[in-house]
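Remarks on the structure that follows.
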Amino acid sequence: MTQCPVCASEKDYQRIGQHWSNSTSCDFPYPSENERAVFTGLWLAGATVSETGNNPLLLKTSKYKEALEWIADEIGVWHSTIKEGSGRETLTEFTGDQTEHKYEKWRWTSVSCPWLQHLVDASLTNEFVDFSPRAAQIFTSFRGTVNNSGSLALWYPDGSAFADLLADHGFSVTTHAYEGRSDLLWFDRQTSVEYLDWIDGPIPPLAMKFESG
């Protein structure tokens, strides 16, 4: 049984978003600060905003099923499904490589949420994109890694714009552009320590990507 956080009714909702859409006495809740940060972090990490229904929903594909299960717990009522992917899909969460990969992958889907409309046409300079430590933690966990020398590397399609965003938060990085893949943002060791402390480290299921040799 699922309890609606708005009207407190308990039903076997297959999709609670349908309850909010169809109810005459209930409506979509506004996501909490933490839930908005998780949505934003996933969007920065390459999640897709789908507008196929009356309200948008978020889709995130990853080879790390445990990380998506962790997201499901964090996002609470906004979680819908985690399903195994089929065929080949482009994944950029580790190396930024945009070519096809054959490894097993999973797709997390959110419940439809009106707030996600903010991210449809958003950019890094848009007022709707709040790069909070929590959002940065989610993004970094999927798109980052620490190399053997202890330096953090992040991948993002527009490295220059992201470097400006990081600079606004006091972090100076070096960017490298690569043809056919996302740009690399490289942190020196001291900045890596400071940044990872600011985001309170990676999410637990992806901590192994941040253990230097």
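In the set Asp158, Asp164, Asp121, Asp197, only one residue is of a type in the set (Asp, Glu) and closer than 24 Å to Pro31 by Cβ; that residue is Asp121.
Taken as a whole, the structure places Lys83 among residues that are surrounded by fewer than 21 Cβ atoms within 10 Å (Cβ to Cβ) and either at pLDDT below 90 or under 20 Å from Pro205 (Cβ atoms) (or both). Per this entry, Trp20 is counted among residues that are touching an Asp or Glu at 6+ places or on another chain (Cβ under 8 Å) and at pLDDT below 65. Every condition in (1) modelled with pLDDT of 95 or more; (2) out of contact with any Gly (no Cβ under 9 Å at 6 or more places or on another chain); (3) assigned to a helix (DSSP H, G or I) holds for Phe171 except the one numbered (3). When the residues of the stretch 91-119 are filtered to those that are β-branched (Val, Ile, Thr) and either modelled with pLDDT of 85 or more or not in a loop (DSSP other than H, G, I, E, B) (or both), the one that is surrounded by the fewest Cβ atoms within 10 Å (Cβ to Cβ) is Thr109. When you check Ile82 against the structure, is it more than 24 Å from Ser132 (Cβ to Cβ) and touching a residue at least 12 places away in the same chain (Cβ under 8 Å), yes or no? Considered against the rule, which asks whether it is more than 24 Å from Ser132 (Cβ to Cβ) and touching a residue at least 12 places away in the same chain (Cβ under 8 Å), Ile82 comes out as yes.
Taking the criterion of being aliphatic (A, V, I, L, M) and either more than 18 Å from the chain's Cα centre (by Cα) or in a loop (DSSP other than H, G, I, E, B) (or both), the residues of the stretch 185-207 that qualify are Val193, Ile199, Ile203.
Only residues that are of a type in the set (Ser, Thr, Tyr) and in a helix (DSSP H, G or I): list them for the stretch 120-166, please. Within the stretch 120-166, Thr140, Ser141, Ser160 meet the criteria.
The values are calculated or read from the model by the stated rules, or taken from the named source; none is laboratory data. All values derive from a computational prediction rather than experimental measurement. Please note: Cβ atoms are built from the backbone with ideal geometry, for glycine as well, and neighbour counts cover all protein chains shown.
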